[in-house]
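Below: the structure, in structure tokens.
The values are calculated or read from the model by the stated rules, or taken from the named source; none is laboratory data. Bear in mind the structure is a predicted one, so any value in this text is a computation, not a measurement. So basically every Cβ, Gly included, is an ideal-geometry build from the backbone, and we count neighbours across all protein chains shown.
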Amino acid sequence: MSPTGLLGTLEGFTAALREAGVPAGTSEVLDATRVLGAIDLLDRSQLRAGLAATLVKRPLHRPTFDLLFDLWWPPAVGDPTGLTAGDPSEEPGEPDVEALRDELRRLLLDDDDEALRRFARLAVSQLGHLGAQPGRQSWFTYRVLRALSPETLIAALLDALLAGEPRGGLAEQVARQQLQERIAALRAYVEAEVRRRVAEERDRDQVARTSLPPLADQVDFLRAQRDELAAMRRTVQPLARRLASRLAARRRLGRAGRLDIRRTVRASLGTGGVPVVTHHRPRRVHKPELVVLCDVSGSVAGFAHFTLMLTAALREQFSRVRAFAFVDTCDEVTRLFGPGADLVDSVRRLSREADLVRYDGHSDYGHSFRVFADSWPDAVGPKTSLLVLGDARTNYRDPGLPLLKGLVDRSRHAYWLNPEPRREWGSGDSVADRYGEVIEMVECRNVAQLTDFVGRLLPV
Amino acid sequence: MGGVQTPLFASAAEVGERLAQAGYLADAATATTVFLADRLGKPLLVEGPAGVGKTELAKAVATVTGSGLVRLQCYEGIDEARALYEWDYRKQLLRLQVDRDAGETGWDVERGHIFSEEFLLARPLLEAIRRTEPTVLLIDETDKADVEVEGLLLEVLSDFQVTIPELGTIVAERRPFVVLTSNSTRELTEALKRRCLYLHLDYPDAERERAIVLERVPEVGEQLADQLVRTVRALRAMELKKAPSIAESIDWARTLVTLGLDTLDAEAVRTTLGVVLKHASDAARATTELKLS
């Protein structure tokens, strides 16, 4: 590759990174250029590691980087397996699916990633191609995965891994986990290979744009898939830790409290009795009470669960946290989120143990607010920050506006977090705009927005 | 700063081999990034969960290159006087006293005396700059320090120099190899990250972890190490408060060896789970999901 070609590729690559939201600045790109001069360019893993070290400085951006890297520096060109050489529109003959599945069975039991990657390449070239009309995409992931259907191999593979050990115990769980990991890896390799083949036939930039998943903290709560929600929940603890330490830093930077005479005098002894440095007592931190009132009906459950877990994990930052959940009637769920509780488990117990559904399991805000106000009249007081979570979709029932207004008036602060995009507020059965007149309604569609909000809510 | 300093390593592959000889099994990405940090003369910022070997990496680099290790442990409230340098004012006062008794006073005399190297207490950053022998400077848990300290690091890490108003600017004769570590309890500033090469150390793949466990605890044996690593990986896949890292895998291997267990069945896992999982709720979750009871 000529130097201009290499630098040209790097330029296109960094432009694509920026477009995908990875902030690669000029100095990063300069460093990347120096990297090209220092490493062994024939070693693709060195190139990847070197560019990552200079261009990606947050783990959040790494998946985007990897995906784009594979497109700009593909591991192979054309058909590396040499099986379908020649005219790609010509049918290569009936692929031997059973032979492939046998090979896959062997590879899934193994740890060899490189072999699995090679296999994915082979499988895509044999199974993933669909005789294409010109201008249409002709490589498909689903065709490969459907033909191989690795999930159907699990039972047989488990037998092989367990080698006679009884089912149902530790060994099976561990073996299952191992197989799932390998199948996930296979899927990722197949997807990468299909992207590569598509990019070869069509425009690379377009493939980059269409196949990039949103950054993890930009995933929409309401559209998140199950595994995305699980991935989000896994970030709760680190996120809470980060928020708490950011808060502690802000507190330290805030004004100091009253003069601490004893420490000042003691320190002055080092400077001959002259109090050069004064010491102050730390300020008393005002910690508010937090009451979370959240809609946990099906449509918004993922959002409510994540937010509940986050507030529970931030428990130390408040003098008291009380959590109430509702669907069409309301119940207190604070006990589920006590200290040391397993937050994932708490969420699971939420719908089982709390009394939330009266009739049909559709949200009824009016009735829920009434039950809340009647049964726990002292929950919201002048020290309370009230947080309502929900999409404000009332199913055309009574929204209970005066009740909410009463709660807002009694509280110190009150906010409503709505996981729907702002432009949809007030459409259909949403009364978000009307609620917005009595309570400050905040759009909270993804983890980034929620983090931002919680950072502002917390006391300094 | 000469810029013509002899590199520590000839190639990324050599980094991997030499680190392995020191008992640190680095993957290709780690080896490449260490190699580049040396070649480009840039500090290396290593981020990742606790216990994946961030600090060990710095120590291993020091060992294989025969460098001295200067360590700055960051903590909340660390300041210039602890990180960079401090004037030894007690000694200065004493000197003033002695001079006055000897009749040698006057500001010009004193200034030359009391702001000289003799009264300078070098803290890790200054010490690393001044050393003439090969040096690895480890700035550990950078995220624990306050944001202002990062400002302080910027001068040191971009120009490898320290300015002391009374003495002038001290420039490194030999650039130290700098490793910063962070557990990402907070996001480090963009300015600092821009000056560093970035390496995200994560849990290793099964094969490497097995090798690491065997390297550290050879008594454990291939088969048990294999079982252990697979179990740890199953634990990591759960939604836990604190997932076990390599440090826990190694501790676990030691525990099993000490207890004389040669297979990791449900009973063995149940009795030793406390070594790997540090939260009661995590242990409870693992017990149900792995069907231990």
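So, in region B:25-50, exactly how many residues are facing chain A (nearest Cβ under 8 Å), among the β-branched types (V, I, T) and farther than 19 Å from B:N183 by Cβ?
1
Answer yes or no as to whether B:T33 is touching a strand residue (DSSP E or B) at 6+ places or on another chain (Cβ under 8 Å) and surrounded by fewer than 23 Cβ atoms within 10 Å (Cβ to Cβ).
no
Would you be able to tell me the number of residues in region B:7-24 that are away from chain A (no Cβ under 14 Å), of a type in the set (A, V, I, L, M) and surrounded by fewer than 20 Cβ atoms within 10 Å (Cβ to Cβ)? Can you show your working first?
Here is the first cut: in region B:7-24, the residues away from chain A (no Cβ under 14 Å) are B:17-24.
Filter once more, keeping what is of a type in the set (A, V, I, L, M): B:19-20, B:22.
From what's left, surrounded by fewer than 20 Cβ atoms within 10 Å (Cβ to Cβ): B:20, B:22.
Qualifying residue count for the region: 2.
Quickly run through region B:269-281 and pick out the residues that are crowded, with 21+ Cβ neighbours inside 10 Å and without any contact (Cβ under 8 Å) to a residue 40 or more places away in the chain.
Residue satisfying the conditions is B:V269 alone.
Can you find a residue that is touching a Pro at 6+ places or on another chain (Cβ under 8 Å) and surrounded by fewer than 22 Cβ atoms within 10 Å (Cβ to Cβ) anywhere in region B:231-241?
yes
Yes/no per residue for (1) part of a helix (DSSP H, G or I); (2) at the interface with chain B (Cβ under 9 Å from one of its Cβ atoms); (3) in contact with a helix residue (DSSP H, G or I) (Cβ under 6 Å, 6 or more places away or on another chain):
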residue: A:E28; (1), (2), (3): yes, yes, yes
residue: A:L42; (1), (2), (3): no, no, no
residue: A:Q46; (1), (2), (3): yes, yes, yes
residue: A:G50; (1), (2), (3): yes, yes, yes
residue: A:L68; (1), (2), (3): yes, no, yes
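Name the single residue that is surrounded by the most Cβ atoms within 10 Å (Cβ to Cβ) among those in region B:167-199 being more than 18 Å from B:V156 (Cα to Cα) and at the interface with chain A (Cβ under 8 Å from one of its Cβ atoms).
By that ranking, first place goes to B:L199.
What are the residues in region A:273-298 that are farther than 30 Å from A:D328 by Cβ and modelled with pLDDT of 75 or more, if any?
Within region A:273-298, A:G273, A:V274, A:P275, A:V276, A:V277, A:T278, A:H279, A:H280, A:R281 qualify.
Could you check, for region B:243-266, whether at least one of its residues is buried (at least 16 other Cβ atoms within 10 Å of the Cβ), within 11 Å of chain A (Cβ to nearest Cβ) and under 30 Å from the mean Cα position of the chain (by Cα)?
Scanning region B:243-266 turns up at least one residue that is buried (at least 16 other Cβ atoms within 10 Å of the Cβ), within 11 Å of chain A (Cβ to nearest Cβ) and under 30 Å from the mean Cα position of the chain (by Cα).
Return the residues of region B:23-64 that are within 19 Å of A:L60 (Cα to Cα), of a type in the set (A, V, I, L, M, F, W, C) and not in a strand (DSSP E or B); say none if nothing qualifies.
The answer is B:A29, B:A50, B:V52.
Out of (1) surrounded by 12 or more Cβ atoms within 10 Å (Cβ to Cβ); (2) without any contact (Cβ under 8 Å) to a residue 12 or more places away in the chain; (3) farther than 30 Å from B:L264 by Cα; (4) not charged (D, E, K, R), the odd one out for A:S211 is which?
For A:S211, the exception is condition (2).
Inspect all residues belonging to region B:200-210 and state whether any of them is buried (at least 17 other Cβ atoms within 10 Å of the Cβ), in contact with a strand residue (DSSP E or B) (Cβ under 6 Å, 6 or more places away or on another chain), within 14 Å of chain A (Cβ to nearest Cβ) and within 28 Å of B:Q5 (Cβ to Cβ).
For region B:200-210, residues buried (at least 17 other Cβ atoms within 10 Å of the Cβ), in contact with a strand residue (DSSP E or B) (Cβ under 6 Å, 6 or more places away or on another chain), within 14 Å of chain A (Cβ to nearest Cβ) and within 28 Å of B:Q5 (Cβ to Cβ): present.
Could you say whether any residue in region A:189-203 is more than 14 Å from chain B (Cβ to nearest Cβ), farther than 30 Å from A:D391 by Cα, β-branched (V, I, T) and surrounded by fewer than 17 Cβ atoms within 10 Å (Cβ to Cβ)?
Checked against the condition, which is being more than 14 Å from chain B (Cβ to nearest Cβ), farther than 30 Å from A:D391 by Cα, β-branched (V, I, T) and surrounded by fewer than 17 Cβ atoms within 10 Å (Cβ to Cβ), region A:189-203 yields no hits at all.
Testing A:Y359 on (1) of a type in the set (F, W, Y); (2) in a helix (DSSP H, G or I); (3) at pLDDT below 85, one condition comes back false. Which one is that?
With (1) of a type in the set (F, W, Y); (2) in a helix (DSSP H, G or I); (3) at pLDDT below 85 applied to A:Y359, the lone miss is (2).
Only one of A:L387, A:L350 is modelled with pLDDT of 85 or more, among the aliphatic types (A, V, I, L, M), buried (at least 21 other Cβ atoms within 10 Å of the Cβ) and in contact with a Leu (Cβ under 7 Å, 6 or more places away or on another chain); which?
Working: A:L350 fails: modelled with pLDDT of 85 or more.
It is A:L387.
With the requirement that a residue be touching a strand residue (DSSP E or B) at 6+ places or on another chain (Cβ under 8 Å), more than 14 Å from chain A (Cβ to nearest Cβ) and in a loop (DSSP other than H, G, I, E, B), what does region B:113-165 give you?
B:F115, B:R123, B:R131, B:E133, B:P134, B:F160
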